[in-house]
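Heads up: the structure comes next, in structure tokens.
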Amino acid sequence: MDMYKNIIDMHTHTDNSFDGHHSTVYMCEAACNKGLRAIAFTDHCEVDAFDASGERNVRQAFFEIAKAKSAFMGKLLVLNGIELGQPAYDIETAEKILASQKFDIVIGSVHNLRNQQDFYYIEDFSQIDVKSKLSEYFDELLTMLEWGNFDILAHLTYPFRYLYSRNNILVDINEYKPQVDEILRLTAEKDIALEINAAGLRQPINRLSPELETVKRFKELGGKLVSVGSDAHYAQHIAVGIKDAMSVAKEAGFDCVTLFQKRQPVEIPIE
Ligand SMILES: [Zn+2]
Ligand SMILES: [Zn+2]
């Protein structure tokens, strides 16, 4: 990590996420100890399963992050984010959630197809038509992008990690090139940041999401903003793989990674 000065992590989860483990303040202390300049907390909010407890969670997360923001002022830039899952499945609810607080960063994600379970919970893909599932997945990313009220497109190849860990299926993204190109083109056009998500480096697939060739293609198609995130669900995973993600951004031709404050992009030089 010491080859870069400006380490930032734009995708992390606290215990306000159902699958998070550490408090916001504990995560901030860990981030300071690791020498980060900025951290965004982006707790889960699955829009297609949003209810009263989801609403409480969003509020709780927001206020804990707001407190941490002022407690760590001058030491660590703390950004108040949210990871919206499946916002396009219920746009009205998504807009209501976004209007409820002044977020710095909104991440847009698709973890599951409509009325289906999160890819994470699928234990066996062998009886599933993978090609059509993935094609549906990419179509849902496109639908989400057409809505477009978010700042960062999360983990573009999210299902790939589970196809690999469950059934040893290694997907070639080029088989989906027309759809992926359309996704990258729309992301660029809407000035949404393409996330380079490092969680896969801690998983059997051992790859970034997406990989270098896709980040390069994004640049070719006019992409201007990239963001880097560990997707840490534990304090010890904060910034893990960020260096690799920054190297890929640099190699793809980006001089900066992006953070968002009050939903406005701020470019941070990769150096
Ligand atoms: Zn996610
Ligand atoms: Zn996440």
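The values are calculated or read from the model by the stated rules, or taken from the named source; none is laboratory data. Quantities reported herein were computed from a predicted structural model and do not represent experimental measurements. Here the Cβ is made from the backbone with ideal geometry for all residues, glycine too, and neighbour counts use every protein chain on show.
Before moving on, here are some points about what is shown:
- For the stretch 66-88, filtered to residues that are out of contact with any Ser or Thr (no Cβ under 9 Å at 6 or more places or on another chain) and either among the hydrophobic types (A, V, I, L, M, F, W, C) or more than 15 Å from residue 27 (Cβ to Cβ) (or both), the residue that is surrounded by the fewest Cβ atoms within 10 Å (Cβ to Cβ) is 74.
- Residue satisfying all of: in the stretch 194-211; within 15 Å of ligand 2 (Cβ to nearest atom) and among the aliphatic types (A, V, I, L, M); farthest from residue 107 (Cα to Cα) among these: 201
- Residues of the stretch 219-233 classified as within 16 Å of ligand 2 (Cβ to nearest atom) and closer than 18 Å to residue 255 by Cβ, total: 2
- Scanning the stretch 52-103 for residues that are in a loop (DSSP other than H, G, I, E, B), within 16 Å of ligand 2 (Cβ to nearest atom) and under 16 Å from residue 38 (Cβ atoms) gives a single hit, 103.
- Enumeration of residues in the stretch 29-43 that are within 18 Å of residue 260 (Cβ to Cβ) and either within 13 Å of ligand 2 (Cβ to nearest atom) or surrounded by 18 or more Cβ atoms within 10 Å (Cβ to Cβ) (or both): 31, 36, 38, 39, 40, 41, 42, 43
- Selection from the stretch 5-18 of residues that are in contact with a helix residue (DSSP H, G or I) (Cβ under 9 Å, 6 or more places away or on another chain) and surrounded by fewer than 20 Cβ atoms within 10 Å (Cβ to Cβ): 6, 15, 17, 18
- Candidates 221, 225, filtered to the one that is at pLDDT 95 or above and surrounded by 19 or more Cβ atoms within 10 Å (Cβ to Cβ): 225
- Among the candidates 136, 140, 146, 189, residue that is farther than 24 Å from residue 81 by Cα and over 15 Å from the mean Cα position of the chain (by Cα): 136
- The stretch 1-18, residues that are within 16 Å of ligand 1 (Cβ to nearest atom) and over 20 Å from residue 105 (Cα atoms): none
- Test: residue in the stretch 199-218 that is surrounded by fewer than 18 Cβ atoms within 10 Å (Cβ to Cβ), more than 16 Å from ligand 1 (Cβ to nearest atom) and hydrophobic (A, V, I, L, M, F, W, C): yes
- Scanning the stretch 30-46 for residues that are more than 16 Å from residue 105 (Cβ to Cβ), touching a residue at least 12 places away in the same chain (Cβ under 8 Å) and assigned to a helix (DSSP H, G or I) yields a count of 2.
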